[in-house]
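Comments concern the structure below.
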Amino acid sequence: MEKIEKLKSFLINSPQDSFLKHALALEYVKLGRDEEAKLLFTEILTSEPSYIGTYYHLGRLWERQGGKKQARAWYEKGVGEARKAGDHHTVQELMAALSDLDE
């Protein structure tokens, strides 16, 4: 819980910092606070779609909650953004996640 409070205090001074939001969302995931994490991940990608590391995590949250359609949509958006950024590793990771959805 201490990490969460520390990240929240940093966000007070830098409320638009995607890195801090992402880190806070990951802490929420660890605690099973998926809805709070999902809100933060979505907020990041709405304001900064090029923050490509977040697509995988948001897709996984949707998968865990049975939202395959939403997971697929986020993975596909992430593939597009990763391709634009030339991030081949993330493209492969997201394509693997998409493939796993079909199994």
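Normalising by residue count, the stretch 1-48 has a Cα convex hull of 55 Å³ per residue. What do you get for the angle between helix 53-64 and the principal long axis of the chain? Use alpha-carbon atoms, 0 to 90 degrees, nearest ten. The two axes meet at around 80 degrees.
The angle between the Cα long axis of helix 88-101 and the main principal axis of the chain comes to about 70°, on a 0 to 90 degree scale.
Spin-label model, residue 31 to residue 10: label points 7 Å out along the Cα-to-beta-carbon direction sit 1.6 nm apart. Note on the stretch 2-101: Kirkwood hydrodynamic radius from all Cα pairs is 13.7 Å, rounded to one decimal. The lysine pair count for the stretch 2-101, using Cα distances under 17 Å and pairs eight or more places apart or on different chains, is 15.
Only DSSP H runs of four or more residues enter the estimate; each adds -39500 (n - 2.57), and after division by the residues of the chain the mean residue ellipticity at 222 nm equals -26000 deg cm²/dmol.
Listed values for the stretch 29-46 are Karplus-derived 3J(HN,Hα) couplings in whole Hz (6.51 cos²θ - 1.76 cosθ + 1.60, θ = phi - 60°), namely 4, 4, 8, x, 8, 4, 5, 5, 5, 4, 4, 5, 4, 5, 4, 4, 6, 6, and x replaces Gly and Pro.
Each reported figure results from applying straightforward, stated rules to the coordinates on display, with no laboratory input. Computed from a predicted model, the values in this text were never measured in an experiment. Please note: Cβ atoms are built from the backbone with ideal geometry, for glycine as well, and neighbour counts cover all protein chains shown.
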